[in-house]
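Student: Okay, here's the structure, questions in a sec.
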Amino acid sequence: MSIARTAPSPLAPALLALACACTGGDDGPSVGESTASTTSSASASSTSLTLTGADTETATTSVDPSETSGPCLTERECGIDQICVDGVCVDVFCGGPPFDDLTPAPLRARALRCASCDPAVLNLLYYVPEVVFVVAKSGSMGAETLDHEGDPDTPPVSRWSLLKPALTAFVEGHEASLRGGLVFQPGLDAQPYYDVSACPVAATPEVIVAPGSAAEIVAALQLAPANLAGATPTRAALELAVDHLSGTPEGPAKAIVLLTDAAANCDPDAADEAARFEVYDDGVLEVAAAALAQGIPVHVIGVAAPTGVTPAIVDGAPDGVVTAATLASLAAAGGGLPFVNATTPDALDLAFAAIAEALLPCHRELDPPPAHPDYVEIQVDGVDLVRSDECADPTGWHYTDDTFTRVEFCADACAVLRLADDAVAHYECPPGL
């Protein structure tokens, strides 16, 4: 890079603020309009463009076509005191008060060449998110089977056998980019009886949120098949997850991912066993909403959750509900992603990919936005990334619109960003500023 870089300071927004505005005596077109006129003579022709800002403030550009260096795509291809307008390098005349925030973005962008400029560095890394996985290990996770491949010639598998490899792959694949914890519902000491012993939840998570916790989560998942028993105390499990995340330091994004096949029961206020097991515990919705109010969304993934109305029989599961619908309502109450009911490995992988995108987005906000968007360089772990406006280069990045307030990292670049130790945007200056 050609210029010295300086660290960001509290004055960065002011240093990068627009400083270009109007000259000329006519009122010109109304806000949001531009006019261009061409005149010819025997010696030369010229084109002028009047950019009108709020309160009739304008900036004017003009150029003698005989003096241009040719067509342009970005300002970098133009000379000092020129900008690229509609594919042509044109001179910029500056002076007067600045445009304000009401000036239409395209007009403001064209006048940015007039702005004051000081190089700055903007950090693009985010805190590593903290996630508690609340995982069902009730009796139905082991007893109920499904044809996960849609092939009658292959044996059916349990819901647990469908979930475990997908969750294992996710936590191992994202160990460096998130801090995970684990809560089982019910706990490992749950019993297969029609009483309160089917509803325990541990006093502390099976795995606390911490860096490098993937191995502990995988080890805990290995233990669960020895005791796939009990009911579905989702309310108590979510309360434990929320309490745990509320006690971790502020800063990182926090979330809960609920993985289950059943509607909540085990109401702690149930009057008898029938009320404990055969009635849906709608108190779980209040817990999810409270979590969201604390900035902790609850994402819900169904593991082959039933889609029909449950029968009114004594079976330890809520009667007269559509399990998948109760889980969709829970996801909505918790402000999570739209509910997904996965019945195949591919569907689970896609659901986890959506979780990754929510927790580890491929875009970053630029605050303040650059005054000279064509002079922004982005580095990840010291490597310059190419600007690729249509993501033709998957290792590149691009602005999402002409306000230049957000950049999107293309597929390969995003994968690198999620594991990066350093990512910065260098705000540089055009020649002459």
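The values are calculated or read from the model by the stated rules, or taken from the named source; none is laboratory data. Since the model is a prediction, treat every value here as computed from it, not as a measurement. Glycine gets a Cβ as well: all are built from the backbone with ideal geometry, and neighbour counts include every protein chain shown.
Student: Out of all the residues in segment 365-393, which are under 27 Å from L178 (Cα atoms) and either in contact with an Asp or Glu (Cβ under 8 Å, 6 or more places away or on another chain) or among the hydroxyl-bearing types (S, T, Y) (or both)?
Tutor: E377, I378, Q379, V380, D381, G382, D384, V386, C391
Student: When you go through (1) out of contact with any Gly (no Cβ under 8 Å at 6 or more places or on another chain); (2) more than 24 Å from A263 (Cα to Cα); (3) of a type in the set (D, E) one by one for E144, which number turns out not to apply?
Tutor: Every condition holds for E144 apart from (2).
Student: Turning to a different aspect of this structure: Restrict the check to segment 220-227 and report whether at least one residue is closer than 18 Å to I301 by Cα, touching a residue at least 24 places away in the same chain (Cβ under 8 Å) and not small (G, A, S).
Tutor: yes
Student: Here is a further query. Looking at V380, V376, V386, which one is surrounded by 21 or more Cβ atoms within 10 Å (Cβ to Cβ) and of a type outside the set (D, E)?
Tutor: One residue alone meets the criteria, V380.
Student: Something else now. Inspect all residues belonging to segment 296-306 and state whether any of them is small (G, A, S) and surrounded by fewer than 19 Cβ atoms within 10 Å (Cβ to Cβ).
Tutor: no
Student: Looking only at segment 186-204, decide whether some residue is part of a strand (DSSP E or B), surrounded by 20 or more Cβ atoms within 10 Å (Cβ to Cβ) and modelled with pLDDT of 95 or more.
Tutor: No: zero hits.
Student: Within segment 191-203, track down each residue that is under 15 Å from L238 (Cβ atoms) and in contact (Cβ under 8 Å) with a residue 40 or more places away in the chain.
Tutor: C199
Student: In addition: For segment 124-148, how many residues are outside any strand (DSSP E or B) and either farther than 15 Å from P361 by Cα or touching a strand residue (DSSP E or B) at 6+ places or on another chain (Cβ under 9 Å) (or both)?
Tutor: So the count comes out to 15.
Student: A further question on this structure: Identify all residues within segment 142-166 that are in contact with a Phe, Trp or Tyr (Cβ under 8 Å, 6 or more places away or on another chain) and at pLDDT below 95; write none if there are none.
Tutor: Residues of segment 142-166 that are in contact with a Phe, Trp or Tyr (Cβ under 8 Å, 6 or more places away or on another chain), as a first pass: 142, 166.
Scanning segment 142-166 gives a single hit, G142.
Student: To continue, here is another question. Would you be able to tell me the number of residues in segment 382-431 that are under 30 Å from E130 (Cα atoms), in contact with a helix residue (DSSP H, G or I) (Cβ under 7 Å, 6 or more places away or on another chain) and modelled with pLDDT under 90?
Tutor: 0
Student: Can you find even one residue in segment 105-120 that is at pLDDT 70 or above, buried (at least 20 other Cβ atoms within 10 Å of the Cβ) and assigned to a strand (DSSP E or B)?
Tutor: Yes: one or more hits.
Student: Quick check: anything in segment 214-227 of a type in the set (D, E, K, R), buried (at least 21 other Cβ atoms within 10 Å of the Cβ) and over 12 Å from G187 (Cβ atoms)?
Tutor: No, segment 214-227 contains no residue that is of a type in the set (D, E, K, R), buried (at least 21 other Cβ atoms within 10 Å of the Cβ) and over 12 Å from G187 (Cβ atoms).
Student: Within segment 241-260, identify whether any single residue is touching a helix residue (DSSP H, G or I) at 6+ places or on another chain (Cβ under 9 Å), assigned to a helix (DSSP H, G or I), free of Cβ contacts under 8 Å to residues at least 60 places away in the same chain and not polar (S, T, N, Q), and answer yes or no.
Tutor: Looking through segment 241-260, at least one residue is touching a helix residue (DSSP H, G or I) at 6+ places or on another chain (Cβ under 9 Å), assigned to a helix (DSSP H, G or I), free of Cβ contacts under 8 Å to residues at least 60 places away in the same chain and not polar (S, T, N, Q).
Student: Looking at L238, L146, L167, which one is at negative phi, touching a Pro at 6+ places or on another chain (Cβ under 7 Å) and hydrophobic (A, V, I, L, M, F, W, C)?
Tutor: Just one listed residue meets the conditions, L146.
Student: Touching a Phe, Trp or Tyr at 6+ places or on another chain (Cβ under 9 Å), in contact (Cβ under 8 Å) with a residue 12 or more places away in the chain and not in a loop (DSSP other than H, G, I, E, B): does that describe F170?
Tutor: Spelling it out, F170 is indeed touching a Phe, Trp or Tyr at 6+ places or on another chain (Cβ under 9 Å), in contact (Cβ under 8 Å) with a residue 12 or more places away in the chain and not in a loop (DSSP other than H, G, I, E, B).
Student: Taking segment 343-386, which residues are under 17 Å from the mean Cα position of the chain (by Cα) and free of Cβ contacts under 8 Å to residues at least 12 places away in the same chain?
Tutor: Those that are under 17 Å from the mean Cα position of the chain (by Cα) and free of Cβ contacts under 8 Å to residues at least 12 places away in the same chain: L350, A353, E357, P361.
Student: Take the conditions at pLDDT 95 or above, over 20 Å from V242 (Cβ atoms) and surrounded by fewer than 19 Cβ atoms within 10 Å (Cβ to Cβ) and apply them to V322. Does it pass?
Tutor: Criteria met by V322.
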